[in-house]
Ligand code: ADP
Ligand code: MG
């Protein structure tokens, strides 16, 4: 086929695809622009996972009407004045790619006003082209609205998860910026409901309380290891006492110079610092910022800047690990009223002196009452949501024990037994909570004899067994009559199932001591597909589908991992493709 150069709008779509993968990428770019603009308030609103609407409103410096068109040009940026600036990036943005990329992906409307100007400006774009331009009335700052994201890219739409999962991703982005910039008041509204609100007090601990709730904030320990000299990395933030832990690494939030990064090595440094303090398979909660000189970090290695290259990664690793370890072994929890941790309150750009006009009326949002902040703050997003899985496609089975799957974020090796265990466990818990359990009556009541330890366990957990669908009656001495069991074990040798289940309960140690959890976990383990069992493609697909729907798909009920995830980047790195 003849070679031809892509038309600018075609090239723009391709480049846009790298920056804008999903609604959360749009939100990330817009928040970064608002922060670069010096905003002290950022309100994010999404509908239908961001596909129907994304709106980010800030009170930052605004854009000159005369520069509006330029802002949507590729490689148009106000943040890099010369080539040298590129090697010491101090702003979150610098490539001038976000606005044209977003405009190529959805319908955009931008309303902006500089504090000194009497009137604002407005543009509307469709398919990357300006279709309307003029004056607009608005408060100082910038409001960016995106509608019909990927509306003209059905292929991209297909790869997105359900709106609920996209909302979760957006929430994760907002949450991470809210913790990096506690001096900025963040709000997130999802389908009309306010789901996050930070105070903008400038104290990290307040942001952590808004995000994770008061229990986590009360267990937070301050980390403050300032650089001893100019070239040494500094570390600051909070780590949470090891008595609180999670099954996923999503609660280790890392920043380099306040840029949220995903970095396996630094994550590992934090986990190393908790060595021996957490149960197996459990992960800590931490929010940590590493400060390095701007010329020692290359943020230009990844389209969305989520990965950075550190010039002295080993040193940063060691410094981070030691700082966390020291805080854990010596630190005290952060008192609720500790002075400014991590950044002082910002002077809003739009309100910076000399203000050319009276400030727009902006009453401070009422701070939620202390009890609310410390208890189950309604603002705290439902935390386990962050752990949900993307859509996976089975590739095959290895050693009749592991299912290999592919997802948008790389490759997954899934332990079929652990995964099925997780699925059954959650199903049993739902059944246990339901008013009427799913009980399958036996055609004929079954009599069985139990050993003393089995009898003790059954007696101790009688209510839990009943709630899970067992109807078992003590008949005298060691004898019991079984009239109904959960459908999952109704087939086959029911007496043997029950005996084995009780034996397993005796061996299992479930950290969560609640009786119905314990029974459900043992029942799940008993009922789950075994390692060594061949599974057809349809069965593999079914297992993945069930796992995707699970609340905490990444661990089995005993806290062991259900999967090993190799990200596309990690694979590329192994092959030295990057
Ligand atoms: P970059 O952030 O890499 O400079 P963008 O495409 O994200 O590129 O934005 C282009 C330019 O538009 C920015 O450099 C900035 O001057 C301006 N801009 C974008 N968003 C805002 C905002 N919320 N407030 C003020 N200026 C903005
Ligand atoms: Mg930008």
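Each reported figure results from applying straightforward, stated rules to the coordinates on display, with no laboratory input. Just so you know, these numbers come straight off a predicted model, no measurement behind them. Please note: Cβ atoms are built from the backbone with ideal geometry, for glycine as well, and neighbour counts cover all protein chains shown.
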Worksheet item: In what sequence, highest mean first, do 144-156, 466-478 appear when ranked by Cβ atoms within 10 angstrom?
Response: 144-156, 466-478
Fill in: Space enclosed by the convex hull of the alpha-carbon atoms of the stretch 194-243, per residue, Å³
100
Worksheet, complete the sentence: Length gained, residue 298-residue 466, 0.36 nm per residue minus C-alpha separation, equals 54.6 nm
Worksheet item: Cα-Cα pairs above 21 Å in the stretch 93-231: how many percent?
Response: 62
Worksheet, complete the sentence: The alpha-carbon center of the stretch 420-498 and that of the stretch 112-169 are separated, in whole Å, by 56
Worksheet entry | Paramagnetic reach from residue 228 (point 7 Å along Cα→Cβ, amide N under 17 Å) across the stretch 263-291 | 291
Worksheet entry | Full-stretch length increase - residue 578, residue 474 - with 0.36 nm per residue and alpha-carbon distance subtracted | 30.9 nm
Fill in: the stretch 111-171: C-alpha gyration tensor shape, a/c 1.5 cut-off, then a/b vs b/c
oblate
Practice prompt. Could you order peptides 112-119, 278-285 by the average number of other Cβ atoms within 10 Å of their residues, highest first?
Written response: 112-119, 278-285
Response to the item:
Length gained if residue 566 through residue 73 is fully extended, taking 0.36 nm per residue and subtracting the Cα-Cα distance, is 173.9 nm
Response to the item:
FRET efficiency for residue 189 and residue 309 from the Cβ-Cβ distance with R0 = 45 Å, rounded to 0.05, comes out at 0.80
Item to complete: Name all residues of the stretch 148-185 having a backbone nitrogen under 15 Å from the label point set 7 Å from the Cα of residue 549 along its Cα→Cβ direction, giving them as ranges.
Response: 162
Item to complete: Classify the stretch 419-578 as rounded, prolate or oblate, taking a ≥ b ≥ c as the square roots of the eigenvalues of its Cα gyration tensor: rounded when a/c is under 1.5, otherwise prolate if a/b is larger than b/c and oblate if not.
Response: prolate
Worksheet, complete the sentence: Yeah, the stretch 160-308 with a ≥ b ≥ c from its alpha-carbon gyration tensor (a/c under 1.5 is rounded, else prolate when a/b outruns b/c, oblate otherwise) is rounded
